[in-house]
Amino acid sequence: MRTLTIGKTEFDLPALAATLAFGTIGGFAGKVLGLPLGYLLGSLLVVALFAIAKWRVLGQPIHMPQPLRMSFIPIIGVGIGGAFTPAIFHDALGWWPTVLALFAFVPLAHFTGYQIYRRGGVTRPTAYFGSVPGGLMETVVMGEEAGADVALLVLMQFMRLILTIVFMPVLFTVMSGHAVGSASGVLLKGSGNPLDLWNIAVLLVAGIGGYFAGRALRFPAAIMTGPLMFSAVAHLTGLTDAVPPNWMISMTQIVVGTGLGARFAGMAMATLRRGFGLAVLSTAASLTIAFGVAELLHAAVGMPVSAVFLAFAPGGITEMSLIALSLQISVVYVTLHHVCRIVLAIMVARYFYARTAG
């Protein structure tokens, strides 16, 4: 049997097996080479290289259905939920300065990216929605309705995620003087606690039940925030003190990295050439603004510069949370800010489009 259809998604099994093999080899190579967040970056880079070059192994193209990648995301949410303690709520009361700062950061980063893309010759709708610092799927839908160049828009939004994922571990390695992520080990608090049948059942309910509850309640990034909420409740009420084992977190990094790299498959080289350089400039500008906010406000919230910087970096919530886990900083603080950033970015994009790009 070559293909398998689940719901509306068709899986080409040989191509999927080949793609996952490339990703696994890349992930372990990244760990051996000591890359920051090596499992994720290694798999992403190797699979992206195969996808862009349109290489085939045993006649199979790169193939990674989005639902398969997304099915691993709840593991991260459940793991982050294990970091919730009663003390977190007390600490969160002091985070308001940086939460409020998002109301300035999001429009400023959006405007800066928009100006870079417009000066690079990108049309108004494409530049506007391509520079939104959050909410990839939502911005693509809004941009398509506004008449944007969808292929270029997807590339610009996708490169925002990829470049932030690549830049952040490298920047933190330079700043801290030691490796982050897989090179140093992503360790969850409580990962050494025994996983008996009760703990496994509680974590499964948190992951699966949290996902469906998050979708029903329309949480932003529900596939992660729903399991995070259920896991947090389970840990706060004492139902469990266990979290997913570290090997599962490493496996999730490989699957996520492989899925991101596979999204380059079928992308026209002309589109890549046109969007890549502008995306580098836009992402660098957003990260510069984020670092400025971190320098200004880290003392006000009692957090290190690295934590605030990571909380404002315009990457994916899953990947930024993985970096927070690897740095052993407040992953709850980082995740909260990214959820707020995504919601705010979408709201700002919808509200100002008629005035800015109409």
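Each Cα pair under 8 Å and six or more residues apart adds its sequence gap; the mean of these over the residue count of the chain is a relative contact order of 29 percent. Taking the charge dipole of the stretch 65-356 about its Cα centre, with +1 at Lys and Arg Cβ atoms and -1 at Asp and Glu Cβ atoms, the residue from Phe167, Leu336, Pro227 reaching farthest to the positive side is Phe167. If R0 is taken as 30 Å, the Cβ-Cβ distance between Met137 and Phe103 corresponds to a FRET efficiency of 0.85. The alpha carbon gyration tensor of the stretch 42-120 gives principal lengths a ≥ b ≥ c with a/c of 1.5 or higher and a/b no greater than b/c, which makes the shape oblate.
Close amide H partners of Phe11, meaning residues 5 or more places away or on another chain with modelled amide H under 5 Å apart, are Leu4, Thr5, Ile6.
By definition, a body whose alpha carbon gyration tensor gives a ≥ b ≥ c is prolate when a/c is 1.5 or more and a/b is larger than b/c, and the stretch 65-356 fits this prolate description. Simple rule: put +1 on each Lys or Arg Cβ and -1 on each Asp or Glu Cβ in the chain, find the dipole, and look at Pro65, Thr112, Ser326; the Cα lying farthest toward the positive end is Thr112. Of the residues Met137, Ile25, Ala53, the one whose Cα sits farthest toward the positive end of the charge dipole of the chain, with +1 on the Cβ of Lys and Arg and -1 on the Cβ of Asp and Glu, is Ala53.
Under the rule a/c < 1.5 gives rounded, and otherwise a/b versus b/c splits prolate from oblate, where does the stretch 238-325 land using the Cα gyration tensor? Intermediate results must be reported in sequence, preceding the final value.
Details: a/c = 4.29, a/b = 1.14, b/c = 3.76.
It comes out oblate by the Cα gyration axes.
Find out how many positive minus negative residues lie around Tyr39, taking Lys and Arg as positive, Asp and Glu as negative, among other residues whose Cβ is under 15 Å from that of Tyr39. Computed value for this residue: +1.
Select from the chain the helices, each a whole stretch of DSSP H, whose alpha-carbon atoms run 27 Å or more along the helix axis and whose Kyte-Doolittle mean is at least 0.5; answer none if there are none. Mind dumping the intermediate values first?
Values: long enough: 13-32 (28 Å, 1.31); 96-119 (35 Å, 0.58); 150-176 (39 Å, 2.18); 197-216 (28 Å, 1.35); 269-301 (46 Å, 1.25); 331-356 (36 Å, 1.12).
Those that pass (Cα extent of 27 Å or more, hydropathy at least 0.5) are 13-32, 96-119, 150-176, 197-216, 269-301, 331-356.
None of the figures in this text is laboratory data; all of them are computed from the coordinates on show. A quick note: this is a predicted structure, and the numbers were derived from the prediction, not measured. All Cβ positions, glycine included, derive from the backbone under ideal geometry; neighbour counts span all protein chains shown.
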